[in-house]
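The values are calculated or read from the model by the stated rules, or taken from the named source; none is laboratory data. Since we're looking at a predicted model, the values are computed, not measured. Ideal geometry is used to build each Cβ from the backbone, glycine not excepted, and the neighbour counts take in all protein chains shown.
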Amino acid sequence: MTFQKTVRFASIAAASLLALSSVSAQTILKIGYTPAATSHYGVGSTVLCDEIEKGTQGRYKCQQFPSGSLGGEREMIEAVQLGTLDIVNTSTGPVGNFVPEVKIVDIPFLFRDYDHARKYFDGPPGQELLSKFPAKGLVALAWTENGFRHMTNSKRSIVKPEDAAGLKMRTMENKVHMDGYRAFGIQPTPMAFPEVFGALQQGTVDGQENPIPVILASKFSQVQKHLSLTGHVYSPALYLTSPRLMNKLSEADKKVFYEAAKKANVAQRQKVNEDEANGIAQLEKEGMTVIRKVDGVAFRDALRPAYANYSKEFGADNIRKIQEYK
């Protein structure tokens, strides 16, 4: 072998080793969520991933798994605990099964509006709740948002609780929600989100309840005729990861992850705002009959028995503190 060939071979080998070291230095993170990639979850998750990649100079990249391709929210939270999934963007629906302190925020008619809810979760009470997660094998990077939940069904318009009575409605695996819905006369049917469209299409359930962004992204207008803007529950969401992953990170990288989650939250909330502003008219164009003004007083009155139970479980003072938070 000539000297020139030897040098060329050495150069190629060095370049190959450099390339291999670059590849080995890059970690691919899996992030899952149940709505479509075009949803507010997809918007938030994309910002989270982009910011993590940018902040770590490409050492960490994400592969997204939208549309429940890795299962329902509960399954994905369990996977994060086990370390088989790196990050999940999830509503709080099933989170109370893992971190019981979170259950209180799922009480119906707890938050007045988006401003009230966002201030609570961004403030000290919300941040204190995040500190409860590591003891349960989870790390909460930041709160984010799913939105105020509204009812859809294939049978009739809902203006007051009696209109909902007898409807078989898909709910999340969340006892706090289900207890409230029973007070409306609904037959709550817990079901993982990836199964919902098919169940509505086949008539296994009459309806479901979700925020406008989810109703839009999931194309529920194809299988649901009636939408009532009940706003009966504010649904927070979270970016959850595992202590196993976080413990591998340097302090600088940990900061990148937390800051990325904050920026992702801003983007996800902005998408919720846009869908709330434009989505109802879009759903009407798609054929849904929309009841914009329901009898909110009647719905709240119907919840009195449930609230008596909530007060026993969570403490009336604790509920009041959230309701009065400014």
## Note on the structure
Counting only residues that are assigned to a helix (DSSP H, G or I) and over 23 Å from residue 266 (Cβ atoms), segment 56-75 contains a total of 2
### Query
Just checking, how many residues over segment 299-315 are within 15 Å of residue 186 (Cβ to Cβ) and either part of a helix (DSSP H, G or I) or touching a strand residue (DSSP E or B) at 6+ places or on another chain (Cβ under 6 Å) (or both)?
4
### Query
What number of residues within segment 182-227 satisfy the criterion of being part of a helix (DSSP H, G or I), hydroxyl-bearing (Ser, Thr, Tyr) and closer than 20 Å to residue 72 by Cα?
0
### Task
Those residues that are among the β-branched types (Val, Ile, Thr) and not in a strand (DSSP E or B), I need them from segment 228-263; list them, please.
256
## Note on the structure
Quick count over segment 195-242, residues being surrounded by fewer than 19 Cβ atoms within 10 Å (Cβ to Cβ) and either at pLDDT below 95 or closer than 20 Å to residue 278 by Cβ (or both), is 4
### Query
Looking only at segment 100-116, which residues are under 15 Å from the mean Cα position of the chain (by Cα) and either within 22 Å of residue 297 (Cβ to Cβ) or surrounded by 20 or more Cβ atoms within 10 Å (Cβ to Cβ) (or both)?
102, 105, 106
### Message
So the check is Cβ under 8 Å with 6+ separation or different chains; which pairs have a first residue in segment 239-256 that's over 16 Å from residue 51 (Cα atoms) and a second one that's at pLDDT below 95?
### Response
242/83; 244/83; 245/83
### Summary
When every residue in segment 143-156 that is charged (D, E, K, R) and within 20 Å of residue 95 (Cα to Cα) is compared, the one surrounded by the most Cβ atoms within 10 Å (Cβ to Cβ) is 145
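One line per residue, one yes/no per condition, for (1) buried (at least 21 other Cβ atoms within 10 Å of the Cβ); (2) on the phi > 0 side of the Ramachandran plot; (3) of a type in the set (Val, Ile, Thr):
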| residue | (1), (2), (3) |
| --- | --- |
| 61 | no, no, no |
| 82 | no, no, no |
| 97 | no, no, no |
| 141 | yes, no, no |
| 158 | yes, no, yes |
### Query
What number goes with the only condition from (1) in contact with a strand residue (DSSP E or B) (Cβ under 6 Å, 6 or more places away or on another chain); (2) surrounded by 17 or more Cβ atoms within 10 Å (Cβ to Cβ); (3) farther than 20 Å from residue 193 by Cα that residue 246 does not pass?
(2)
### Message
Going residue by residue through segment 207-230, is there one that turns out to be touching a residue at least 40 places away in the same chain (Cβ under 8 Å), hydroxyl-bearing (Ser, Thr, Tyr) and within 30 Å of residue 124 (Cα to Cα)?
### Response
yes
## Note on the structure
Going through segment 169-190 in order, the residues found to be crowded, with 18+ Cβ neighbours inside 10 Å and under 16 Å from the mean Cα position of the chain (by Cα) are 171, 172, 174, 177
### Message
Among the residues of segment 299-306, are any surrounded by fewer than 15 Cβ atoms within 10 Å (Cβ to Cβ), touching a residue at least 40 places away in the same chain (Cβ under 8 Å) and within 23 Å of residue 121 (Cβ to Cβ)?
### Response
yes
### Message
Looking at segment 249-278 only, could you name the residues that are touching a strand residue (DSSP E or B) at 6+ places or on another chain (Cβ under 7 Å) and of a type in the set (S, T, N, Q)?
### Response
265, 268
